[in-house]
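Contents: one structure, followed by commentary.
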Amino acid sequence: MFFSLRNSIDGQYYFLIKANNNEVIATSETYKRKDSALHTINAIKNGVNSKTDVIDVTDV
């Protein structure tokens, strides 16, 4: 897995999380500042609490 930091057409920043086969796993929101996007990437890289809730609103 790796991150690909990119520019959006409006000059903001976003990143893709990609599998080793280059398939896109997730796309981030856009960020006005590059350092904000990098901060989020680093937060993801540092791990997510495995006890984090998943809220399923698909049947709402």
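A few points about this structure:
- Qualifying residue in the stretch 34-50 (condition: surrounded by fewer than 10 Cβ atoms within 10 Å (Cβ to Cβ), more than 15 Å from the chain's Cα centre (by Cα) and not aromatic (Phe, Trp, Tyr)): yes
- Consider the stretch 19-33 and keep the residues that are open to solvent by less than 60 Å² (accessible area, probe 1.4 Å) and under 8 Å from the mean Cα position of the chain (by Cα). The one that is modelled with the lowest pLDDT is Ala26.
The values are calculated or read from the model by the stated rules, or taken from the named source; none is laboratory data. The structure displayed is predicted, hence computed values, not measured ones. Heads up, the Cβs are rebuilt from the backbone with ideal geometry, glycines too, and the neighbour counts pull from every protein chain shown. For accessibility, only protein heavy atoms count, side chains too; no ligands or nucleic acids. Shrake-Rupley method; radii C 1.70, N 1.55, O 1.52, S 1.80 Å.
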